[in-house]
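Have a look at the structure below, then the notes.
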Amino acid sequence: MELKDYERDMTGCSRCSICKWIPLNQIKSWRFANVCPSISRYNFHAYSGGGRMLMGLSILQGRSELTEVVTDIIYKCTLCGACDVSCKQYRDDIDISETLQAFRIRCVEEGQLIPEHTVMIDNLRREGNVFGKPKTERGRWAEGLDVKDINEEQADVFFHAGCNYSYDEELWPIVRGAVTLLENAGVDVGIAGGEESCCGGRAYEIGYQGELEKYAEDVIGRVKASGANKLVTACSDCYSTFKYYYPKIGKALGVEVLHITEYIDRLIREGKIKPTKSVPMRITYHDPCHLGRRGESYVGEWKGDNKLLRPLKYKRTGKEGVYTPPRNILKSIPGLELVEMERIKEYSWCCGAGGGVKEAYPDFSIWTAMERVEEAKATGAEAIVTACPWCERNFKDAIKESGERVEVYDVIELVLRAI
Amino acid sequence: MGELKNKLIGIVGSESFFEDSETLEEYTSDYSFVEPKKPMYVVKPESMKEVQQIVKLPNENYVPLIPCSSGVPRFRGDTIPSKDGSVIVDLSRMKKIIRVDRRNKVALIEPGVTFGELQAEAEKHGLKVLMPLCPRATKSVIGSYLEREPIIIPKYHWDMTDPLLCTEVVFGTGDIFRTGSAAGPGTLEEQWESGQAQKNPMGPAQTDLVKIIQGSQGTMGIVTWASVKLELLPKVQKSFFVLSQNFDNLIGFIYRILRLKLGDECFVLNNLNMASILNEESEKIKNLKKELPLWTLAFCIAGYDMLPKERIEYQEKDIKDVAQQFGLEVTPEIPGIIATKLQDLICTKPSKEPYWKLRYKGASQDIFFLTTLDKVPEFIKAMNDEVEKHKYPKEDLGVYIQPIQQGRACHCEFNLTYDPTDSDAVRMVKDLFNSASEKLIDDGGFFSRPYGSWADMAYDKCEDTVTALRKVKEIFDPNKVMNPGKLCF
Amino acid sequence: MLQRDAYKELEDTIGPENVSEEQALLDGYAWQPSFSSSPKEKLDIWLWRPRPEAVVLPGSTEDVQAILKVCNRYKIKFKAMSTGWGAWNSPGTEGVIQIDLRRMNKILEINEENMYALIEPYVVGAQLQAEAMKKGLTPHIIGAGANTSVLASSTSMGGYGGTGISTSMSGRNVLGVEWVMPNGDILKLGAPGSNAGWFCGDGPGPSLRGIMRGMFGAAGGLGVFTKCAVKLFHWPVPHEVHVEGLLLDTMIKIPENIKFYFCFLPSFERFADAAYKIGEAEIGYMLVKQTIGSTLATMAPHLLRAIAQNQSIKAALNAFEHIFMFMIAANSKRDLEYQEKALKKIISETEGVLITISDMPTTASMALWGSIRSSLTPLAFRYSSSFATTLGSLVAWDNAVLQSKAGSEIKKQFVERGELFEDLVDNPWGGIYEGSTCFGHQEEIAFFDAHDLKTHKGWVEFEKTCVQAAVDTPMGVGISALGKGDIFGPLAGNYHIWQRKVKKAFDKEDLADSTYYITPEEK
């Protein structure tokens, strides 16, 4: 995946600025019309999806150089993919997200490294997670949980916690609750605990493509050994990595990959989970980028020079992301009133945590999260509910910093309250 | 002087050149309080070529030129010379109706064409002229439109230039220019051949010089023809009134029907003005005035070529629904007046003689400006306060409120009627005129047509506009021959 | 590179985070492949405009004023832009500062009773419409789309739009304006200049709106516009329209008082007649030509590519070339009945066929909401990756239709030679404006490949040929005249001479980039 492979994408940019807005048909107010956190914060055109592509084109054509300032602009972006969705309403021939990913890979190859990201990779290589937390403590989240260890016995379902859930103690009730819900629904579930490895997705997103391959092999090996026919995760980032990036680099998992919300939705419909207790609350649901628009399955590549001729099924539009299952779950909980924000589904506003932004640009990350919290408040909701630990952590951090009175829940937490 | 005279005669011919006292007197003063000044000569050209030659003359030896196209009586003072040695360029003999185009609903006319003349021709094509409120018989159509006089059908008033479209103008430099789509490519005849009709007032390209000429009181150049919008002559028409003692009660209703583009003619008159339009004799006006409510909203509904009866029927019902929402009653009658009388008087005809504003007392000083409809009550109050302060008889005050720009703005007009032979009355009205004008402009009235003493008042409020306008003047009339002393020039 | 003192002054004035001269960042402003008609031999020269010296992001009128004063002090040219779509947004020469007005993005007022909005430069059509619709109003949104700046179109560019029959065009919708002149002075046009509100942009006396713009604006060549009031129009749907989907998958519940049609007419002449009658009947919310070519190019480009090879299908489709989309948005049931009856009568009288699309919710949803929101235009890039338009003068409707006839006849030859993409040839866009006024425009679309020099050159030659036809026939000064006064002026009363005088009077130092306006001296 090289930047020059995307020259035609870049030269195709018509400079229409659609990448800065949610789909025009969906704009319901002045306040919540923007979709790109980066340009909304920093304003120069270069901070938009289209603008970054033009920087890439400029460098590719030798008109300018990859400097520290340019690198900074490139990475002040969560790679949320909203620009890609907006552009692809109109364009069949431009893949902004892939171009921006290729740009990051080029930064790393040319040694234009963001110091905080270097730390993340060092942490990953040393401790198996980007946070630098001890590998030996990875399995602590599951202590006391009566659940199969797939390192010792096989299970139908391999539950992958992910690095964030493994180490963020405040979020442990969610991941523990997820496992408990599955077990109580009669699911034969197992975990890798301390032996679980990172999915490699975040490392890939910050430009280190080699890490993805390494961890993909690790995960695939473990899944195979587990005998599972399903890989279920509660982390949207991991979900997206499994569904899209692994197959893209030719690493097939060979099992059904589900996000916990997809699985719980299924189990509710099968009558195996019955939310019966009332949870009287007005809530709004935040679509995590990696579960929604970036949660689509990989459908393969089309080989050709002119993407105008590419069959539409190969165009990654975000439409096939996971939007309905979490909403189904919430609607099935008695007493819960779900109100939608203006920017939802494939045109959801990002939480601000992804793409290495939380680590390298914490102010920007918190600002982005607060924009979302404002939008949640505008619905009259008491709480913002989501399905990704990165989103949850960033919203909690933002709310704590700002003193706002908005609760943050995971879908799983509300299900647990309802049973 | 003699040389100038000879040159002028050489251009227009001796039958179109005047220096006799009687003729000069006609242009020396008008009904306004602008200081009278006798012109040196009056010329009445009959073609663009003559106009151009006239304009080129003073650029060699400074001679102020003042264009005028309407006949007497005049009211604004904009055609009274400000400088000695002025020459009036009276275009009233340029009376050609060059073309009326039914398909495109447009007429191409010369400046001397009056409303009555154009309407007579338009009717032959099933069309009508967009009228101001009862213009005087001698009023030039182009003159009226160039002065941005409001028309009485707000829905046809899309932009402030309407109904004026393209113009041929001789700038103060002596250059000829055609504005809008008339500019070219092609001659007029070639344009007509290819289906054009001088319909687009904008441009050409990146300036709208018609907007500079309009409102300029002849200080930029002289228009020698213009294309003007016409509309369909109604096949069927009905008039209605909403009567009220309180202007405020009418505001919501007016906003609503204009927003929904219901109806055609639409304006509000107070009892004096309504009575003055409906009657020609002062005593009858006085009597009718007493019977009328303080305010009358008059509006008409027209059916055109397409399903005319159905149009009237549905619009009448819809308007009545709106009226009901505002607690108002729509009636086809004003007490004592037959239904169609107002319609006959205002829709397609100029004012009968005497001109309606002069009927009650013999003279009228008009104060008018632009505002928005919701602010009109404040201005009415301010005017009433001024009237009281100056002990002007309140019952002699006419009021005319004309929504424009499809209801987004409003021409607000106060008519101070008085007996011009009564010197005390004249003095009082003069004081009131000046005092009230200052008050209204201070209160936020936008005096967009700054005649006479309004010019200083208006331009004192917008220094930056003055700077810019003077730059514009420098372009189109660098020698300042065109109507010097007007506006901010 | 800017003088260091100048750069420092800019940083001190608006904050260093709002100024940049990073080369790759500047190229984001130099890239302008759309609607550029500067013929060059090399593609890369075509697509890249001159790189600005720096970009500045003012946050207020005072910031703009301060920036311009710096420019005046150091004799630096500047070019203002908002959303920036189109070659006229970028510098036209070296040595220009790009003023990006993105931070000035507020809707300052929506005055419901007097039906206008007061806005800053970076308010886009969709935002203004979304807010205005909450009060039962809508702005005019230009054909380029609701992603463009309303202020930029109103003060500085063209302004044609699909709903012109009811919402006119941008140049006729401007009320009061706040203008930072090239020398840094502030000028307010009309009522705001006299502190009398924003409802009127004309006077006292002559209207300086006539200097600000004509058929088109100065495209940055006369300074920077920082506020303007624009008309809003009645939108007769009292509730929020709930929209599912993004664009082609849009679904709405069609409001009861809205009807949507395709009207098929048998000839250019009948097509023109129908529009005249509709205008005279004073019905309709939208009337805009909608060709099969552009429908396929935007909605089903793969299909159009296949059809392009098939002569008999093309011939069959060419029989349906005179189509307009028509929308009724009625204020009452009676109004709806009247308009429907009148429409049917007109289509019958003009030997046309009327298809009621609003009875087909799936098709209607997408087309209707896309038309109201003006969100469909960038789909035109799907077919060949680029497109542009020419002709399109605003004239009496018969002549506008003549332009589409001429444009299609000229295009045939270019398509046959492979110098333009096949689009079934008769492919203009536009309609009538201002109800009964019945003037209108038809701009001819041409599709070409952004990456391919042959079709780029095809576009240039096509445009030239059309412009020549407009001169010969004649068919008005169209959209290709933007910034080309020295070429078009002599054909239309030497307007360039006056425009040049305006430029000299208001920008004697020639600091506002003249490339798309007129230079103070003839080149």
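The values are calculated or read from the model by the stated rules, or taken from the named source; none is laboratory data. Treat the numbers as computed from the prediction; the structure is a model and nothing was measured. Positions of Cβ are generated from backbone atoms using ideal geometry, with glycine treated the same way; all protein chains shown enter the neighbour counts. Note: accessible area is taken over every heavy atom of the protein model, side chains too, but ligands, DNA and RNA are not part of it. Shrake-Rupley method; radii C 1.70, N 1.55, O 1.52, S 1.80 Å.
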Among all residue pairs at least 6 apart or on different chains, which show Cβ distances below 8 Å where the first residue, located in segment B:458-486, is at the interface with chain C (Cβ under 7 Å from one of its Cβ atoms) and within 27 Å of C:Val180 (Cα to Cα) and the second is of a type in the set (Phe, Trp, Tyr) and part of a loop (DSSP other than H, G, I, E, B)?
B:Ala458/B:Phe447; B:Leu469/B:Phe489
Take segment A:35-63 and flag every residue that is in a loop (DSSP other than H, G, I, E, B), facing chain C (nearest Cβ under 8 Å) and closer than 16 Å to A:Thr11 by Cβ.
A:Gln61, A:Arg63
Options B:Leu416, B:Leu373, B:Leu397, B:Leu432; residue that is over 25 Å from B:Ile285 (Cα atoms) and buried (at least 20 other Cβ atoms within 10 Å of the Cβ):
B:Leu373
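Looking only at helices (runs of 4 or more DSSP H) that lie completely in segment A:173-258, which have at least 1 residues being open to solvent by 20 Å² or more (accessible area, probe 1.4 Å)? Even if it seems obvious, please write down each step before you answer.
Numbers: elements: A:201-205, A:209-226, A:236-240.
By residue number, A:209-226.
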What strands (runs of 3 or more DSSP E) lie completely within segment C:106-153 and have 2 or more residues being touching a residue at least 60 places away in the same chain (Cβ under 8 Å) and within 25 Å of A:Tyr90 (Cα to Cα)?
C:137-139
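Name every residue in segment A:9-25 that is in a helix (DSSP H, G or I), facing chain C (nearest Cβ under 7 Å) and touching a helix residue (DSSP H, G or I) at 6+ places or on another chain (Cβ under 6 Å), in order of residue number.
Going residue by residue through segment A:9-25, those that are in a helix (DSSP H, G or I) are A:9-11, A:18-20, A:24-25.
Among the residues that remain, those that are also facing chain C (nearest Cβ under 7 Å) are: A:11, A:18, A:24-25.
Once the filter is applied, which keeps residues that are in a helix (DSSP H, G or I), facing chain C (nearest Cβ under 7 Å) and touching a helix residue (DSSP H, G or I) at 6+ places or on another chain (Cβ under 6 Å), segment A:9-25 yields A:Ile18, A:Leu24, A:Asn25.
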Those helices (runs of 4 or more DSSP H) lying entirely in segment C:354-444 with at least 3 residues more than 9 Å from every other protein chain (Cβ to nearest Cβ), open to solvent by 10 Å² or more (accessible area, probe 1.4 Å) and farther than 19 Å from C:Ala275 by Cα
C:361-373, C:397-416
Please indicate, with yes or no, whether at least one residue in segment B:63-71 is modelled with pLDDT under 95, among the aliphatic types (A, V, I, L, M) and more than 26 Å from B:Asn415 (Cα to Cα).
yes
Checking B:Leu397 against (1) touching a residue at least 40 places away in the same chain (Cβ under 8 Å); (2) more than 14 Å from chain C (Cβ to nearest Cβ); (3) out of contact with any strand residue (DSSP E or B) (no Cβ under 7 Å at 6 or more places or on another chain), the condition it does not meet:
(3)
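Residue-by-condition table, conditions (1) open to solvent by 10 Å² or more (accessible area, probe 1.4 Å); (2) touching a helix residue (DSSP H, G or I) at 6+ places or on another chain (Cβ under 6 Å); (3) more than 7 Å from chain C (Cβ to nearest Cβ):
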{"site": "B:Thr138", "(1), (2), (3)": "yes, no, yes"}
{"site": "B:Arg148", "(1), (2), (3)": "yes, no, yes"}
{"site": "B:Phe171", "(1), (2), (3)": "no, yes, yes"}
{"site": "B:Trp192", "(1), (2), (3)": "yes, no, yes"}
{"site": "B:Met202", "(1), (2), (3)": "no, yes, no"}
{"site": "B:Ile222", "(1), (2), (3)": "no, yes, yes"}
Any chance segment B:24-42 includes a residue that's part of a loop (DSSP other than H, G, I, E, B), open to solvent by 20 Å² or more (accessible area, probe 1.4 Å) and more than 29 Å from B:Asp419 (Cβ to Cβ)?
yes
It is to be established whether one or more residues within segment C:451-470 are among the polar types (S, T, N, Q), assigned to a helix (DSSP H, G or I), touching a strand residue (DSSP E or B) at 6+ places or on another chain (Cβ under 7 Å) and crowded, with 22+ Cβ neighbours inside 10 Å.
yes
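Quickly run through segment B:348-365 and pick out the residues that are of a type outside the set (Lys, Arg) and surrounded by 18 or more Cβ atoms within 10 Å (Cβ to Cβ). So that I can check it myself, show each step before the final result.
Step one: list which residues in segment B:348-365 are of a type outside the set (Lys, Arg), which gives B:348, B:350-351, B:353-356, B:358, B:360, B:362-365.
Answer for segment B:348-365, where residues must be of a type outside the set (Lys, Arg) and surrounded by 18 or more Cβ atoms within 10 Å (Cβ to Cβ): B:Thr348, B:Pro350, B:Ser351, B:Tyr355, B:Trp356, B:Leu358, B:Tyr360, B:Ala363, B:Ser364, B:Gln365.
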Do we have any residue at all in segment C:200-207 that's closer than 19 Å to B:Ala409 by Cβ and open to solvent by 10 Å² or more (accessible area, probe 1.4 Å)?
no
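Counting only residues that are in a helix (DSSP H, G or I) and among the aromatic types (Phe, Trp, Tyr), which one in segment B:353-402 is farthest from B:Phe446 (Cα to Cα)?
Pass one, segment B:353-402, residues in a helix (DSSP H, G or I): B:356-358, B:373-389, B:394-396.
Next cut, among the aromatic types (Phe, Trp, Tyr) only: B:356, B:379.
Working: B:Trp356: 25, B:Phe379: 11 Å.
Selected residue: B:Trp356.
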Any idea which residue in segment A:100-126 is farthest from C:Thr377 (Cα to Cα), counting only those that are part of a helix (DSSP H, G or I) and either within 14 Å of another protein chain (Cβ to nearest Cβ) or basic (Lys, Arg) (or both)?
A:Arg126
Subset of segment C:156-179 [open to solvent by less than 10 Å² (accessible area, probe 1.4 Å) and of a type in the set (A, V, I, L, M)]
C:Ile165, C:Met169, C:Val174, C:Leu175, C:Val177
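Could you list, in sequence order, all residues of segment B:224-258 that are assigned to a loop (DSSP other than H, G, I, E, B) and more than 13 Å from every other protein chain (Cβ to nearest Cβ)? Spell out how you get there, then give the answer.
So the first thing to find is which residues in segment B:224-258 are assigned to a loop (DSSP other than H, G, I, E, B), and the list is B:233-235, B:245-247.
Within segment B:224-258, B:Gln245, B:Asn246, B:Phe247 qualify.
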Among residues belonging to segment C:482-522 that are in contact (Cβ under 8 Å) with a residue 24 or more places away in the chain and small (Gly, Ala, Ser), point out the one that is nearest to the other protein chains (Cβ to nearest Cβ).
C:Gly485
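Got at least one residue in segment A:372-379 being open to solvent by less than 20 Å² (accessible area, probe 1.4 Å), without any contact (Cβ under 8 Å) to a residue 60 or more places away in the chain and either assigned to a helix (DSSP H, G or I) or at positive phi (or both)? So that I can check it myself, show each step before the final result.
Initial filter on segment A:372-379 (open to solvent by less than 20 Å² (accessible area, probe 1.4 Å)): A:372-373, A:375-376.
Now drop any that are not without any contact (Cβ under 8 Å) to a residue 60 or more places away in the chain, which leaves A:373.
From what's left, either assigned to a helix (DSSP H, G or I) or at positive phi (or both): A:373.
Yes.
Could you pull out every one of the helices (runs of 4 or more DSSP H) wholly within segment C:246-314 that has 1 or more residues that are out of contact with any strand residue (DSSP E or B) (no Cβ under 9 Å at 6 or more places or on another chain), open to solvent by less than 10 Å² (accessible area, probe 1.4 Å) and more than 14 Å from chain B (Cβ to nearest Cβ)? So that I can check it myself, show each step before the final result.
Working: elements: C:268-281, C:292-299, C:301-307.
By residue number, C:301-307.
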Failed item, numbered, when B:Thr161 is tested on (1) in a loop (DSSP other than H, G, I, E, B); (2) farther than 15 Å from B:Ile212 by Cα; (3) β-branched (Val, Ile, Thr)
(2)
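Report, by residue number, each residue of segment B:112-135 that is basic (Lys, Arg) and either crowded, with 23+ Cβ neighbours inside 10 Å or out of contact with any helix residue (DSSP H, G or I) (no Cβ under 8 Å at 6 or more places or on another chain) (or both).
The initial filter retains those residues of segment B:112-135 that are basic (Lys, Arg), namely B:124, B:128.
Passing the criteria: only B:Lys124.
It is to be established whether one or more residues within segment C:163-171 are within 25 Å of B:Thr467 (Cβ to Cβ) and assigned to a loop (DSSP other than H, G, I, E, B).
Going residue by residue through segment C:163-171, those that are within 25 Å of B:Thr467 (Cβ to Cβ) are C:171.
Going one step further and asking which of them are assigned to a loop (DSSP other than H, G, I, E, B), we end up with none.
No, that holds for no residue.
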May I ask you to say which residue of B:Ser69, B:Ser21 is farther than 19 Å from B:Ile222 by Cα and either more than 27 Å from the chain's Cα centre (by Cα) or crowded, with 19+ Cβ neighbours inside 10 Å (or both)?
B:Ser21
Do we find that C:Thr138 is modelled with pLDDT of 95 or more, more than 22 Å from C:Ala218 (Cα to Cα) and of a type outside the set (Asp, Glu) in this structure?
yes
Among (1) in contact (Cβ under 8 Å) with a residue 12 or more places away in the chain; (2) in a loop (DSSP other than H, G, I, E, B); (3) more than 11 Å from chain B (Cβ to nearest Cβ) - the single one C:Pro236 does not satisfy:
(3)
